[in-house]
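Read through the structure below, which is laid out as structure tokens, and then see the notes.
The values are calculated or read from the model by the stated rules, or taken from the named source; none is laboratory data. Source: prediction; values computed, not measured. Counting neighbours? That spans all protein chains shown, and the Cβs are built from the backbone with ideal geometry, glycine included.
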């Protein structure tokens, strides 16, 4: 019965969103109905998650423990993003619906226990991703979407090759408790999955799609895309790869871990260095996400223990939530500048909306890892654990790269507090209630995580 | 443990928050609020020091456990050294408030908010004895100063504030990396990430050459502190920051913030990494000596008074770092004294520059000359402070530099002789500065009508001049405050 309730709930979610999609055709108030239905679907789904702790449909799909916790968190973020997106324009409502389907893909990815479900869920997220870019109506949106689609398709094909090799090596497609009969084949398959993870998360040198995609999607879509794709895809790939590496022959395991570390350090350096020379905020965020992917990949190399998954989740949530907050505020600034996102848009921000400027400063300082913010606590926890694992050179290298990262984050603050002689002519930035609510929630989370991370991590 | 410590400690921060709610229009009320706040902060700092049972040892003031932050403990403790610097910090806040009393800005509340937050962060760094707590306040110092320079600074304030922030933050990252490493080590040893004083001691890091943990951590901390002091060749942010910073920023930067780098060495490097300190002592001594000469020579060729004072700071801080690393108790004692002496004379010079700038809107020396004729009060006070900075006997500058040079001479004669050239060079550039501004004939028409200092303006300079002479004649007034701690900052005390 319990498992049936989950299926029912998914069906309700799909049905309500399908009804929302259809209601867009209603000429009068269609967008309002669609918005309302989509919001109800998400709220119902979120509420249902509190009815039980384990959703076990079959060997193919299980949601338990940390996954349920993560799902609750992402569901909540999904509701907040729907509220932020609002119902002012038809485009926004359409985006909301697309994001709801992306969220559904995320749910399936999270619970996937074998490679077919994993692949289908991943492709669902990717397809919505391509569509969100293509429908962004910016100058090069379609070109960016095509580029993303072509590269994504190639990676999908490679992933399928990996799945085939995995089948050959283990005799099945299940990701849990597989028996490896051919270590060479298995190592190649895991290597291919690592490559897929690098592409999906945007690690160097598989990052080519990321800057164009980010810079050609509207900031609102980018924000929503961020928390779903980064948190869920990041979590799933890292935990799965870690488990798969555990089954590898020590010799191959050593080689694969070395490869991951090299990619991680290279991503951290490349992302941070390239971000500093960018003139557009979206491109800065794109390259900074390449750098953060480097930090994430290092987590694959860690020895899993009790607190490991919680550390991973907290890092992903903190990073994605903060980045989402930054993007949302940048969006508010950009909207007053014809959706331009050049660095000039933040000039005199402090004099145009003090609260917003201070909140944005806290967000970017958190991304930069300044103490008392969540970013610092996560950085401290993560890097201390890397040292504990004995990754001294890699960790020190990533530390050094983060100095560069701090440079572009601090430029945000510098821009905000720079006084423009014509500041009186610049438009005051107004904030809607839903936007303020999200900013405040993120701000409180940043300080709560920053001051009391163990609340979340359960560390002793 | 002091039960009221937390309240006392939070006063500057609470005062800073008070400015957010102050009525924007009533400038006078805001300024009075700032003056009262600064006086209260100074009073409680002095009281905390006077209440110390034994200034020679670290007295725990407050400790609280943070089970929710990786089970760490935050310990605040105080000894003669931290007490002395705490008083200096609070005193300089009061000096800043009085000096910039006539400041005209739309953002007065932000200005005082930043000053009080900065003071609070410095106090926190001085009192924190757990490494994590120290790091938090160390980083917290950067942000108010970054905004202070970035918002209230000169024409190139963005560049200067960015450079200052990035260079100091780069150093901090190295410190953080070391902390993470030590935390990982502490976890393996004790099952806790905590890095309080006792834990750091117990880590007992191995030294066996450059690549050993003690050596690497020594360098990571040292680079962070070198950047803060700043020691040659890590100094390039300082002249820009000083030139572009508003007077308040310059006073606090020169008066106390640079000393935090030295304090970091004394508190967290010298006691814990003795073999590394021994191994690399000569390198640091030579860097200090180069800094003394480089700073002096560069100051000599400057045309901008503020830049000259900034480079003179590099020179003076070179002495202090030499004194600390000589590990000779006499020199260490001199170095700490010199921290105070520099914290009096250099802010005094910046105050002088501030008064000149507010009258003429230029800091170029060739735009002045003959000011003693129209501003005699200024000329006398500026001379007394300049004398202190150039280490004239019977001024505070002389005592510190003499003790350092004598102490270093025992250890390394070449370095001592090199450093002594700084004693010769400092009168050269400082007298040149004084000569070009105050002496001679008035060559610029605008200078003829300059007003002398008002009583309010003269007050901080009078106080600093009196201290310059008083501490020159009776240095024990200061040395008695920290004498008992010297052993702890030299190997003999380990």
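The single condition among (1) at the interface with chain A (Cβ under 9 Å from one of its Cβ atoms); (2) within 17 Å of the chain's Cα centre (by Cα); (3) surrounded by fewer than 23 Cβ atoms within 10 Å (Cβ to Cβ) that residue B:124 does not satisfy is (1).
Within region A:285-297, the presence of a residue that is more than 16 Å from the chain's Cα centre (by Cα) and part of a helix (DSSP H, G or I) is excluded. When restricted to residues that are in a helix (DSSP H, G or I), within 11 Å of chain B (Cβ to nearest Cβ) and free of Cβ contacts under 8 Å to residues at least 60 places away in the same chain, region A:345-378 contains 5.
All told, residue B:466 meets the bar of being part of a helix (DSSP H, G or I), closer than 21 Å to residue B:349 by Cβ, under 21 Å from the mean Cα position of the chain (by Cα) and without any contact (Cβ under 8 Å) to a residue 12 or more places away in the chain. Just to verify a result, which residue in region B:82-110, among those that are more than 20 Å from the chain's Cα centre (by Cα) and at pLDDT 90 or above, is nearest to the other protein chains (Cβ to nearest Cβ)? Per the stated criteria, the residue is B:110.
The residues of region B:353-387 that are buried (at least 23 other Cβ atoms within 10 Å of the Cβ) and part of a loop (DSSP other than H, G, I, E, B), listed by number, are B:368, B:375.
Take the conditions under 28 Å from residue A:388 (Cβ atoms) and more than 12 Å from chain A (Cβ to nearest Cβ) and apply them to residue B:178. Does it pass? In short, no.
Touching a strand residue (DSSP E or B) at 6+ places or on another chain (Cβ under 9 Å) and within 12 Å of another protein chain (Cβ to nearest Cβ): does that describe residue B:150?
no
Residue check: is residue A:338 free of Cβ contacts under 8 Å to residues at least 60 places away in the same chain, surrounded by fewer than 23 Cβ atoms within 10 Å (Cβ to Cβ) and within 14 Å of chain B (Cβ to nearest Cβ)? Judged against the criteria, residue A:338 is not a match.
When you scan region A:383-403, do you find a residue that is under 30 Å from residue A:348 (Cα atoms), at the interface with another protein chain (Cβ under 8 Å from one of its Cβ atoms) and either free of Cβ contacts under 8 Å to residues at least 40 places away in the same chain or in contact with a helix residue (DSSP H, G or I) (Cβ under 8 Å, 6 or more places away or on another chain) (or both), even just one?
yes
A quick yes/no check of all residues on (1) at the interface with chain A (Cβ under 7 Å from one of its Cβ atoms); (2) surrounded by 22 or more Cβ atoms within 10 Å (Cβ to Cβ); (3) closer than 22 Å to residue B:60 by Cβ:
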| site | (1), (2), (3) |
| --- | --- |
| B:155 | no, no, no |
| B:160 | no, yes, no |
| B:167 | no, no, no |
| B:170 | yes, no, no |
| B:184 | yes, no, no |
| B:187 | yes, no, no |
| B:193 | yes, yes, yes |
| B:197 | no, no, yes |
| B:202 | no, no, yes |
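Looking across region B:406-430, the residues that are closer than 22 Å to residue B:309 by Cβ and surrounded by 15 or more Cβ atoms within 10 Å (Cβ to Cβ) come down to B:419, B:420, B:422, B:423, B:425, B:426, B:427, B:429, B:430. Of the residues making up region A:404-424, those that are facing chain B (nearest Cβ under 8 Å) and either free of Cβ contacts under 8 Å to residues at least 60 places away in the same chain or within 22 Å of residue A:317 (Cβ to Cβ) (or both) number 4.
When region A:15-30 is examined, which residues are found to be surrounded by 19 or more Cβ atoms within 10 Å (Cβ to Cβ) and either without any contact (Cβ under 8 Å) to a residue 24 or more places away in the chain or at positive phi (or both)? Listed by number, the list holds a single entry, A:23. The set of residues from region B:70-81 being within 14 Å of chain A (Cβ to nearest Cβ) and touching a residue at least 60 places away in the same chain (Cβ under 8 Å) comprises B:70, B:71, B:72, B:73. Among the conditions (1) under 20 Å from residue B:254 (Cα atoms); (2) under 21 Å from the mean Cα position of the chain (by Cα), residue B:154 misses just one, which is (2).
Condition first: more than 9 Å from every other protein chain (Cβ to nearest Cβ), in contact (Cβ under 8 Å) with a residue 60 or more places away in the chain and part of a helix (DSSP H, G or I). Now tell me which residues in region B:127-139 satisfy that. Within region B:127-139, B:127, B:131, B:134 meet the criteria. When region A:31-59 is limited to residues that are in contact (Cβ under 8 Å) with a residue 60 or more places away in the chain and farther than 16 Å from residue A:106 by Cβ, the one that is surrounded by the fewest Cβ atoms within 10 Å (Cβ to Cβ) turns out to be A:59.
When residues in region A:140-184 are screened for being in contact with a helix residue (DSSP H, G or I) (Cβ under 9 Å, 6 or more places away or on another chain) and outside any helix (DSSP H, G or I), 11 of them pass. Taking region A:432-460 as the range and being at pLDDT 80 or above, under 30 Å from residue A:305 (Cβ atoms) and either surrounded by 18 or more Cβ atoms within 10 Å (Cβ to Cβ) or at the interface with another protein chain (Cβ under 9 Å from one of its Cβ atoms) (or both) as the test, the residues that pass are A:442, A:445, A:446, A:449, A:450, A:451, A:452, A:453, A:454. Among the residues that make up region B:29-49, is at least one of them buried (at least 18 other Cβ atoms within 10 Å of the Cβ), in contact with a strand residue (DSSP E or B) (Cβ under 6 Å, 6 or more places away or on another chain) and more than 14 Å from chain A (Cβ to nearest Cβ)? No.
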